[in-house]
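Inspection log for the structure reproduced underneath, given as structure tokens.
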Amino acid sequence: MPKLVIDDREIEVEDGLTLIQACEVAGVEIPRFCYHERLSIAGNCRMCLVEVAGMPKPVASCAMGVNDLRPGRDGEPPQIHTNSPSVKKAREGVMEFLLINHPLDCPICDQGGECDLQDQAMAYGIDTSRYVENKRAVEDKNIGPLIKTIMTRCIHCTRCVRFMTEVAGVEELGAIGRGEDMEIATYLEQGMTSELSGNVIDLCPVGALTSKPYAFAARPWELRKTETVDVMDAVGSSIRVDARGREVMRILPRNNDAVNEEWISDKTRFVWDGLRTQRLDRPYLRRDGRLRPATWEDAFSAIATRLKNKDGQRFAAIVGDLAAAEEMFALKDLAGRLGSPHTDCRQDGARHDPGAGRAGYLFNSGIEGIEEADAILLVGTAPRGEASVLNARIRKRWRRGDVAIGLIGAEADLTYDYDYLGAGPETLQELAGGGTSFHGVLTQAERPMVILGQAALARSDAEAVLALAAKLAVETGMLAGDWNGFNVLHTAAARVAGLDLGFVPGAGGLDVAGILAAAGSGDLDTVYLLGADEIDVEALGDAFVIYQGSHGDRGAQRADVILPGAAYTEKSGTYVNTEGRPQIAQRAVFPVGEAREDWAILRALSAHLGETLPYDSIAELRKAMYEAAPHLGAIDTVEPADATAVERLAKPTPQVQKQPFGRAVTDFYLTNPIARASRTMAEMSALKAGAEQGATGTHG
């Protein structure tokens, strides 16, 4: 390991580090604009200059490796100076050049208060300017409804270009022109359509790229910051919700190397305007065919009257994709006390069986484990639309090389190359039997993995598909030692917690399809929808429908009683991501109007029904929940599931269907009630649809 002397302090660092990283290890701050630890090195801002003893001029520390340094004449370690007069003068000169054309926009710039250029100009610049000529001006670019551009502020660090090319995998940004005529622009002057494009806002060290929906809305020091988790997909990205008063103003990523690194999807980042619109802020009762405002007492009394002396077998409950574990536990408890086995959390009809073991429905290798895989088989999934941050992790592994990726299902642009093996379960059956060359690829790989998507599991032959995938995993060595490469990629934030809590049909109970059919035929009297909006509500027939949720979406339109619940930013709740990691979502703002936290609604309703739930606080509820499912109490810890569950799934199976796998997500931007209430998401959905029509030649 190389030894260095940094500012008269000797340290030992790992091989392969750059000087800027070595200085960070030594606790020395080095200014930078173009350098970013997750992007390739550009070395074009020159702000990170340091002095190396024996070299005639300062060197860019981001582009100089510690292994490239020579020892001194007598064998002493290389000497690095980060605060010498020559370094100070060099940095002041660089900063002066950067500010030559940068406009004095700080009072009206959304980056003000959290701008790298501001901070470093104060710390490393000078307080005067010698430049008196006219400043350069650059025309602003229209790159869609998400990102506002003021390109005169751009300092050409190229972070945005490198991110879009390397991480997002969509080469939509680049540099045109040379010298002072250089500009950052989209190649075809159109809006960016990557699901990760909003991350360039965080990467931009100046105010050239800012959030268009957030423009001129607030200053960072006005906002109350809450660390929480995302529920727009099942990845469970770490986020920070910034609020002012009772309104969420923006959502930003938090660094979490095990889950989302420091990226979030555009839906996660920009869905916040949907938290304000189409909200349910008071109870409603259907009278004379119309939903009319009511009091909580009226709503609870109407439900109690309906359920009084009714057979619990004629009551059913369906949970939606955004529900937290606490309210699912409370609803399951209430349904059990009413005597109903008809409960289900699988709106899409997926055939997950929690009784078979957790390993059968988890992303067992972990999201971080993708970087260790050397062969990846995707079955019935298009991760770019279902879990875009996870897809970026697959692309990251693909860019390193020496990995084979195969796809069985609908063809899609996943931002990386793959071998297209086939469209449906017949191909998987052939592969499991060793009939394709990719079987040999998986067998020879040291750490192979299969990723099963919901399009493969929300089918009538899902059990056969699951068994084939498990058989393939066993045969090709995916369950070797500490490696479990059998992975299920969920699309719903609530799904894993629901399965962990057993929110599936009990003995003799009906699943979602059975509940809809029974309600339509009159065999069920009452259906409780806890944020369930992705079902065919028209199939519920004349059943009495209770809808509890935050938005006036499909379920609320069909409801006979509406109980206004809290959105994910308005309550404290436990969510378990696709890899089985329990995380706590913290309340950032209070619920709107008369809305309440969902578990509290169920607790109050249970008292009116004469089946009072035995917990009066969320702490008491969680204590009971942890007794039922102890692993939910291990917050932010993934407890490995027993791999023998996968082996048990690998059993002889009936013949699979010939129907090809479809798409679990058909419109990335409109997958849940909050997203459908968002104007920004509607604009992006329309932009994406228009781009796809143009690409196929069907749009002029």
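Charges at C-beta only: +1 for Lys and Arg, -1 for Asp and Glu. How large is the resulting dipole of the chain about its Cα centre, in Debye rounded to 20?
Roughly 1280 debye for the chain.
Rounded to the nearest 0.05, what FRET efficiency is calculated for ALA304 and ARG400 with R0 set to 45 Å and r the Cβ-Cβ distance? Mind showing how you got there, number by number?
Numbers: r = 60 Å, r/R0 = 1.34.
So the FRET efficiency works out to roughly 0.15.
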Tell me which GluC sites (Glu not before Pro) from region 71-130 have a DSSP coil assignment and no more than 14 other beta carbons within 10 Å of their own.
GLU114
Of [x] -0.49, -0.67, -1.22; [y] -0.54, -0.73, -1.23; [z] -0.40, -0.54, -1.03, which one was derived for log10 I(q)/I(0) by the Debye sum over Cα atoms at q = 0.06, 0.07, 0.10 Å⁻¹ from the structure shown?
[z]
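Before anything else, pin down the relative contact order of region 232-334: Cα pairs under 8 Å, at least 6 apart, normalised by residue count, whole percent. It would help to have the intermediate numbers written out before the result.
On the way: 85 pairs, mean separation 15.3, N = 103.
Worked out over region 232-334, it gives 15 percent.
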Total charge dipole magnitude, region 623-686, about the Cα centre, Cβ charges on Lys, Arg, Asp, Glu only, Debye to nearest 20:
380 debye
What accessible area, in Å² to the nearest ten, does a 1.4 Å probe give for CYS62?
0 Å²
Between region 561-591 and region 261-327, how many Å separate their Cα centres?
14 Å
Quick shape check on region 256-353: root eigenvalues a ≥ b ≥ c of the Cα gyration tensor, a/c under 1.5 is rounded, otherwise prolate if a/b tops b/c, else oblate, and it reads oblate
Keeping all protein chains in the complex and leaving out DNA, RNA and ligands, what accessible area do you get for HIS81 with a 1.4 Å probe, in Å² to the nearest 10?
50 Å²
For region 471-534, rounded, prolate or oblate, judged on the Cα gyration tensor with a ≥ b ≥ c (square roots of eigenvalues), a/c < 1.5 rounded, else prolate if a/b > b/c?
prolate
What is the chain's relative contact order, in percent, from Cα pairs under 8 angstrom and six or more apart in sequence?
14 percent
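Which percent, to the nearest 5, of DSSP beta bridges fully inside the chain are antiparallel?
Antiparallel bridges: around 55 percent, rounded to the nearest 5.
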Treating only the Cβ of Lys, Arg, Asp and Glu as charged (+1, +1, -1, -1), what charge dipole size does region 108-155 show about its Cα centre? Round to the nearest 20 debye.
220 debye
Heavy atoms of THR443 accessible to a 1.4 Å probe, total area in Å² rounded to 10:
70 Å²
With a 4.7 Å Cβ cut-off, tell me which Cys residues in the chain come up empty for a partner.
CYS23, CYS48, CYS62, CYS106, CYS109, CYS115, CYS154, CYS160, CYS204, CYS345
Just the number, please: carbon plus sulfur as a percent of the accessible area of the chain, 1.4 Å probe, no ligands or DNA/RNA counted.
48 percent
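Once a ≥ b ≥ c are taken as the square roots of the eigenvalues of the Cα gyration tensor of region 440-592, is the result rounded (a/c under 1.5), prolate (a/b larger than b/c) or oblate (a/b not larger than b/c)? Provide the component values of the computation, followed by the final result.
On the way: a/c = 3.16, a/b = 1.61, b/c = 1.96.
Oblate is the answer for region 440-592, as a/c is 1.5 or above yet b/c matches or exceeds a/b.
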Per residue, in Å², the accessible surface of region 453-495 once ligands and nucleic acids are set aside, probe 1.4 Å
24 Å²
Quick one: ranking ARG395, ARG603 by accessible area, 1.4 Å probe, largest first, what do you get?
ARG603, ARG395
Is it possible to state the helix-based mean residue ellipticity at 222 nm for the chain, with each DSSP H run of 4+ residues giving -39500 (n - 2.57), the sum divided by total residues, to the nearest 500 deg cm²/dmol? What is it?
-7500 deg cm²/dmol
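Keeping every protein chain present and rolling a 1.4 Å probe, give me the accessible area per residue for region 566-673 in Å².
Working: 4890 Å² over 108 residues.
In whole numbers, region 566-673 has 45 Å² accessible per residue.
Relative contact order for region 532-635: what is it in percent, counting Cα pairs under 8 Å that are at least 6 residues apart? List each step's numbers first, then the result.
Values: 129 pairs, mean separation 19.6, N = 104.
After rounding, I find 19 percent.
Can you list which of the trypsin sites (Lys or Arg not before Pro) found in region 621-700 are DSSP loop residues with at most 11 other C-beta atoms within 10 Å? It would help to have the intermediate numbers written out before the result.
Values: sites: ARG622, LYS623, ARG648, LYS658, ARG663, ARG676, ARG679, LYS688; in loops: LYS658, ARG663.
Answer in residue order: LYS658.
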Accessible area, 1.4 Å probe, largest first: how do LYS88, LYS57, LYS212 sort?
LYS57, LYS88, LYS212
Ranked by accessible surface with a 1.4 Å probe, highest first, in what order do GLU24, GLU180, GLU14, GLU51 come?
GLU180, GLU14, GLU24, GLU51
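The values are calculated or read from the model by the stated rules, or taken from the named source; none is laboratory data. Predicted model, so just to flag it, every value in this text is computed and none were measured. With ideal geometry, Cβ positions are generated from the backbone for all residues, glycine too; neighbour counts draw on all protein chains shown. The accessibility values were calculated without ligands, DNA or RNA, using every heavy atom of the protein model including side chains. Shrake-Rupley method; radii C 1.70, N 1.55, O 1.52, S 1.80 Å.
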